[in-house]
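Undergrad: Handing you this structure, nothing more for now.
Please treat every number below as a calculation from the coordinates, not as lab data. This one's a predicted model, so the numbers in the text were calculated from it and none came from an experiment. Cβ coordinates were reconstructed from backbone atoms using ideal geometry, including for glycine residues, and neighbour counts include every protein chain displayed.
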Amino acid sequence: MRYLRISVTDRCNLRCRYCMPKGPLRSEAGDRLAPEDIGAVVDAAIPFGIDTVRITGGEPLVRKETAEIIKMISANASVRNIALTTNGTLLGEKAAELEDAGLSSANISLDTLKAARYREISGEELLSSVLSGIKAAKERFSPVKINCVVMRRVNDDEIGDFCRFADDEGVVVRFIEFMPHLDCSMEFFYSKTEIIADIRERFGEMTEVEGPQGLGPARYYKADGLKNPVGVIASVTSPPCFSCNRLRLTSDGRLLPCLYSAAHFDLKRELKDGGNIAYVLKAAIDAKGRLCAPARLNMNMAELGG
Ligand code: SAM
Ligand code: SF4
């Protein structure tokens with residue numbers, strides 16, 4: 001168990017339609033774990049092998065304390081890598097503060113390079129802010145990865161554009177299979193096989209290669225006509241269950257052994273009652289592989305942290 005994903009808020013300044021199909025969440029600030037509680041969970045997780053922490057959300061950069069949380073985690077010498085997953089809209093203005101706090105790498109979610117389409121998908125006209133965020137991240141963090149959820153008849157025509165964008169910008173693009181929620185149809189689903197076929201058609205033969213630094217579930221491929229390898233995350237057609245090395249902590253203190261299951265352990269209660277955090281972490285690790293449900297989401301991704 002090396003990887004702890006921490007959602008610091010379920011709030012977001014975007015409304016990506018694939019992420020919040022039931023509309024925005026309504027958590028209160030008081031529901032969130034305090035920075036020192038998050039620090040205590042990280043400290044307790046180290047003996048189990050955790051050495052990489054990813055800060056996510058909702059949108060982590062809408063929470064004012066996010067840099068403070070990163071600073072607290074980076075003070076723990078056993079944490080080798082602190083990464084961020086962000087929609088990038090606020091990264092341009094916050095990148096320097098995050099670097100000072102100890103952030104080392106950034107994944108930026110971007111599903112289209114077209115301004116009008118960005119608004120359709122996310123509800124806001126903020127493509128230029130994301131592009132500024134990518135520029136600021138490139139100056140400070142490594143690696144910088146772009147996460148693109150591919151959706152049929154929404155953005156599947158941009159796979160080639162993203163590959164070229166990644167080559168031009170010197171970043172890594174990762175295409176993610178759209179994960180349907182329990183209450184929505186598969187109409188947007190676009191498989192890894194289709195993604196690979198599209199890239200091969202445009203850029204020639206592809207060979208599987210070692211990816212850049214990271215503990216994630218992406219497999220990487222190098223196409224003859226591209227400079228950089230391209231990542232694909234087959235969350236639906238090939239869920240990485242057997243090699244899964246991660247735990248998820250929600251912003252309200254639930255510890256989730258598995259992305260595909262709502263089963264959780266209540267760490268917030270344990271923190272409030274001065275209970276044994278290590279005991280709960282151990283229980284969650286032991287539960288891994290036993291609680292998994294079919295590859296459909298039964299919570300908003302903004303609640304799960306991706
Ligand atoms: N707000 C941040 C962001 O957008 O990067 C962090 C949280 S977001 C929930 C984390 C990741 O989950 C993003 O890369 C997003 O694209 C992905 N995601 C959200 N809903 C998804 C879905 N239904 N299928 C696949 N990926 C999804
Ligand atoms: Fe917000 Fe990220 Fe979900 Fe989009 S994918 S609504 S940016 S949490």
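Undergrad: Enumerate the whole-percent occupancy of each 5 Å bin, from 0 to the last occupied one, for all C-alpha pair distances of the range 176-279.
TA: 2, 11, 15, 16, 15, 12, 11, 8, 5, 3, 2, 1
Undergrad: Give the distance, in whole Å, between the Cα centre of the range 88-148 and the Cα centre of the range 243-279.
TA: A separation of 28 Å, based on Cα centres.
Undergrad: Nearest 20 debye, what's the magnitude of the dipole of the chain about its Cα centre given +1 on Lys and Arg Cβ and -1 on Asp and Glu Cβ?
TA: 460
Undergrad: Per DSSP H run of at least 4 residues, take -39500 (n - 2.57); add these up for the chain, divide by its residues and hand me the 222 nm value, nearest 500 deg cm²/dmol.
TA: -9000 deg cm²/dmol, from helical runs alone.
Undergrad: Additional query: Within the range 175-284, which trypsin sites (Lys or Arg not before Pro) sit in a loop by DSSP and count at most 15 neighbouring Cβ atoms inside 10 Å?
TA: Here the sparse-neighbourhood loop sites are K227.
Undergrad: Can I ask one more? Report the antiparallel proportion of the DSSP beta bridges in the range 27-165 as a percent, rounded to a multiple of 5.
TA: Beta bridges within the range 27-165, antiparallel portion: roughly 0 percent.
Undergrad: Next up: Tilt of helix 127-140 relative to the longest C-alpha principal axis of the chain, in degrees (0 to 90, nearest 10)?
TA: Computed tilt is about 70 degrees.
Undergrad: Can you pull out the GluC sites (Glu not before Pro) in the range 122-199 that DSSP calls coil and that have at most 16 other Cβ atoms within 10 Å? It would help to have the intermediate numbers written out before the result.
TA: Details: sites: E124, E125, E139, E158, E169, E177, E187, E194; in loops: E124, E125, E187.
Within the range 122-199, the qualifying GluC sites (Glu not before Pro) (loop, at most 16 other Cβ atoms within 10 Å) are E124, E125, E187.
Undergrad: Return one number: the angle in degrees, 0 to 90 and rounded to the nearest 10, between the long axis of the Cα atoms of helix 159-169 and the longest principal axis of the Cα atoms of the chain.
TA: Relative to the chain, helix 159-169 is tipped by roughly 80 degrees.
Undergrad: Let me ask another. Taking 0.36 nm per residue of sequence separation and subtracting the Cα-Cα distance, how much length would be gained by fully extending the chain between E169 and R152, in nm to one decimal?
TA: In short, 3.6 nm is gained.
Undergrad: Determine which lysines satisfy two conditions relative to K64: a Cα distance under 20 Å, and not lying fewer than 8 residues away in the same chain.
TA: Partners found: K94.
Undergrad: Sticking with this structure for a sec: In percent, how large is the relative contact order of the chain, given Cα pairs closer than 8 Å and 6 or more residues apart?
TA: On the way: 620 pairs, mean separation 63.2, N = 306.
Normalised by residue count, the contact order of the chain is 21 percent.
Undergrad: Return the distance in nm (one decimal) between the two label points of a simple spin-label model at E28 and E120, each offset 7 Å from Cα along Cα→Cβ.
TA: A separation of 4.0 nm, rounded to one decimal place.
Undergrad: Here's a follow-up. In what sequence, highest mean first, do 131-137, 102-108, 273-279 appear when ranked by Cβ atoms within 10 angstrom?
TA: Answer by packing, highest mean first, reads 102-108, 131-137, 273-279.
Undergrad: Which loop GluC sites (Glu not before Pro) in the range 201-235, with loop taken from DSSP, have no more than 15 other Cβ atoms within 10 angstrom of their Cβ? Don't skip to the answer; put the middle values down first.
TA: Working: sites: E201, E205, E208, E210; in loops: E205, E210.
Here the GluC sites (Glu not before Pro) that fit, given the DSSP loop and packing criteria, are E205, E210.
Undergrad: Next up: Determine the sum of side-chain charges near D100: Lys and Arg each +1, Asp and Glu each -1, restricted to other residues whose C-beta is under 14 angstrom from that of D100. It would help to have the intermediate numbers written out before the result.
TA: Numbers: positive: K71, K94, R140; negative: E68, E93, E97, E99, E139.
Taking every other residue near D100 into account, the sum is -2.
Undergrad: To continue, here is another question. Between F48 and A278, 0.36 nm times their residue separation minus their Cα-Cα distance comes to what?
TA: Details: separation 230, 0.36 × 230 = 82.80 nm, distance 0.88 nm.
Computed gain between F48 and A278 is 81.9 nm.
Undergrad: What size of dipole, in debye to the nearest 20, comes out for the range 58-138 about its Cα centre when the only charges are +1 on Lys and Arg C-beta atoms and -1 on Asp and Glu C-beta atoms?
TA: Result for the range 58-138 is approximately 200 debye, rounded to the nearest 20.
Undergrad: Moving on. Which percentage, to the nearest 5, of the DSSP beta bridges contained in the chain is antiparallel? Let's see the in-between values first.
TA: Details: 11 of 42 bridges.
Taking every DSSP beta bridge with both residues in the chain, the antiparallel ones total about 25 percent.
Undergrad: A follow-up question, please. Report the charge-dipole magnitude of the range 31-90 in Debye, nearest 20, computed about the Cα centre from +1 at each Lys and Arg Cβ and -1 at each Asp and Glu Cβ.
TA: Using only the charged Cβ atoms, the result is roughly 200 debye.
Undergrad: The range 33-75 to the range 166-212: how many Å between their Cα centroids?
TA: 30
Undergrad: If each of E139 and A96 carries a label point 7 Å out from its Cα toward its Cβ, how far apart are those two points in nm?
TA: That separation, rounded to one decimal, is 0.8 nm.
Undergrad: Follow-up question, since we're still on this one. Can you tally the net charge around I70? Count Lys and Arg as +1, Asp and Glu as -1, for every other residue whose Cβ sits under 10 Å from the Cβ of I70.
TA: -4
Undergrad: Next up: May I have the pair-distance distribution P(r) for the range 94-236, computed from all Cα-Cα distances with 5 Å bins from 0 and rounded to whole percent?
TA: P(r) for the range 94-236, in whole percents per bin: 2, 10, 19, 21, 20, 16, 8, 3, 0.
Undergrad: Which of A287, T9, A45 sits closest to the plus end of the dipole of the chain, meaning its Cα is farthest towards the positive end, when Lys and Arg get +1 and Asp and Glu get -1 on the C-beta?
TA: Of the options given, the answer is A287.
Undergrad: Please compute the volume of the convex hull spanned by the alpha-carbon atoms of the range 3-304 and report it per residue in Å³.
TA: That works out to 121 Å³ per residue.
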